[in-house]
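Novice: Below you'll find the structure I mean.
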Amino acid sequence: MSYVKPEQVVEAAVAAGKAKADAGNLQLLMRGVLGGAILACATTLALVAAGQTTGIVGAIIFPLGFVIIVILGLELVTGAFAVIPLAVHRKQACMADMLRNYAVVILGHLVGCLGYGAAYVAVITRMGTSDADPMVATLVNLAEAKTLAYAELGGAGFALVFIKAVLGNWMVTLGVVLAMTSTSTGGKILAMWLPITCFFAQGFEHAVVNMFVIPAGMMLGADVGVGDWWLWNQGPVLLGNFLGGVLLTGFALYFAHLKTPAAGPLPELQEEQGYGLAEQLQLENELETLASAQGVPAKR
């Protein structure tokens, strides 16, 4: 069977957190760059599909980016939000290495997302000569909706984007952990696909997706400044993603399936309940054999 039990998944999550905390900076940077670029590419594919059909089709397609990232062992900081704190809690990693992982991987994501964003903008604008591609308007509208629309609501907008980020990374980290419930590649893909589709279909917020969508919209002329990007989206979304990952997935599953010693009968009651019957019979058989060899009838 390829199914891995939840108790084993929790231990695998701790081990994964330790491995991420122990990784070197160059490894983390490259994995973060590739993870950001691949997720950005999956985002554009999903948006194109949604524009040509319906939103649910885009949501069904979107998880392919996460699949590639997980199967290739690349980095997604939002997934690390759920597993590295578990390793820190178990004293298998230190807080400094956790923060180092987050900082280096976020830097890698920014490089990957901005690099892919610049290349994609060049493609859909035909090197800046046309704005006829529907994706131009889509990215501009998305960038403004993810920043200015929240700003218009003031404090309520900040709370709204934060809540959507908590819910978003709850689903995303469930996908990361569900990939550990199977030892087969096909099982991993199917398991992680479900919550990722749920995240995208409901329009929740994800920090790495936004590292591509908002800057790409800005490159295409969205009325969004760098301050708007970080104050009304990227900052609160990173915080919300962290909270959703570490609490709703990481520690929630950890304490739900934490192994505790099973309470069994007291030693003095085991004899009365027959727990020592096999041992008693074995001893009697050995005595009978010894007595027979000596020519003395054994007493039972």
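Novice: Of all trypsin sites (Lys or Arg not before Pro) in region 113-188, which ones are in loop regions per DSSP and have a Cβ with at most 14 other Cβ atoms within 10 Å?
Specialist: 126
Novice: Mind listing which trypsin sites (Lys or Arg not before Pro) in region 1-104 are in a DSSP loop and have 10 or fewer other Cβ atoms within 10 Å?
Specialist: Taking region 1-104 and a limit of 10 other Cβ atoms within 10 Å, the loop trypsin sites (Lys or Arg not before Pro) found are 91.
Novice: Enumerate the amide H contacts of residue 182 below 5 Å, restricted to partners 5 or more residues apart or on another chain; note that Pro and chain-start residues carry no placed amide H.
Specialist: 4
Novice: Per residue, how much accessible area does region 98-175 show when a 1.4 Å probe rolls over the protein heavy atoms, in square angstrom?
Specialist: That works out to 45 Å² per residue.
Novice: Per-residue ellipticity at 222 nm for the chain, helices alone: DSSP H runs ≥ 4 residues times -39500 (n - 2.57), over residue total, nearest 500 deg cm²/dmol?
Specialist: Computed ellipticity for the chain at 222 nm equals -22500 deg cm²/dmol.
Novice: A further question follows. Rg to Rh ratio, region 1-76, alpha-carbon atoms and Kirkwood radius?
Specialist: On the Cα set of region 1-76, Rg over Rh gives 1.10.
Novice: Next question, about the same structure. Any chance you could count the Lys pairs in the chain whose alpha carbons are under 29 Å apart, treating pairs 8 or more apart or on different chains as valid?
Specialist: Count of close lysine pairs: 18.
Novice: In percent, how large is the relative contact order of the chain, given Cα pairs closer than 8 Å and 6 or more residues apart?
Specialist: 25
Novice: Within the accessible area of region 1-77, what % is carbon and sulfur when the probe is 1.4 Å and the other protein chains stay in place?
Specialist: The computed percentage sits at 70.
Novice: Over all directions, what mean area does the Cα convex hull of region 168-261 project, stated in square nanometres?
Specialist: 7.7
Novice: Here is a further query. By the scheme Lys and Arg +1, Asp and Glu -1, what is the net charge of all other residues having a beta-carbon under 13 Å from that of residue 18?
Specialist: After counting each charged neighbour, the total is 0.
Novice: Select from 215, 134, 63 the residue whose mean-square fluctuation is largest in a Gaussian network model of the chain (Cα-Cα springs shorter than 10 Å).
Specialist: Among 215, 134, 63, the largest mean-square fluctuation in the Gaussian network model of the chain belongs to 134.
Novice: Let me ask something additional. Evaluate Rg over Rh across the chain, taking Cα atoms for both radii and Kirkwood's formula for Rh.
Specialist: 1.25
Novice: Something else now. Excluding residue 87 itself, calculate the net charge of residues whose Cβ lies under 10 Å from the Cβ of residue 87, where each Lys or Arg counts +1 and each Asp or Glu counts -1.
Specialist: For residues surrounding residue 87, the net value is +2.
Novice: Within the chain, which whole H helices from DSSP have a Cα span along their axis of at least 27 Å and a mean Kyte-Doolittle hydropathy of 0.0 or more, if any?
Specialist: Length and hydropathy pass: 25-52, 95-124, 155-178.
The values are calculated or read from the model by the stated rules, or taken from the named source; none is laboratory data. None of these values were measured; they are calculated from a predicted model. Every residue, glycine among them, receives a Cβ derived from its backbone with ideal geometry; neighbour counts consider all protein chains shown. Ligands, DNA and RNA are excluded from the accessible area calculation, which covers all protein heavy atoms including side chains. Shrake-Rupley method; radii C 1.70, N 1.55, O 1.52, S 1.80 Å.
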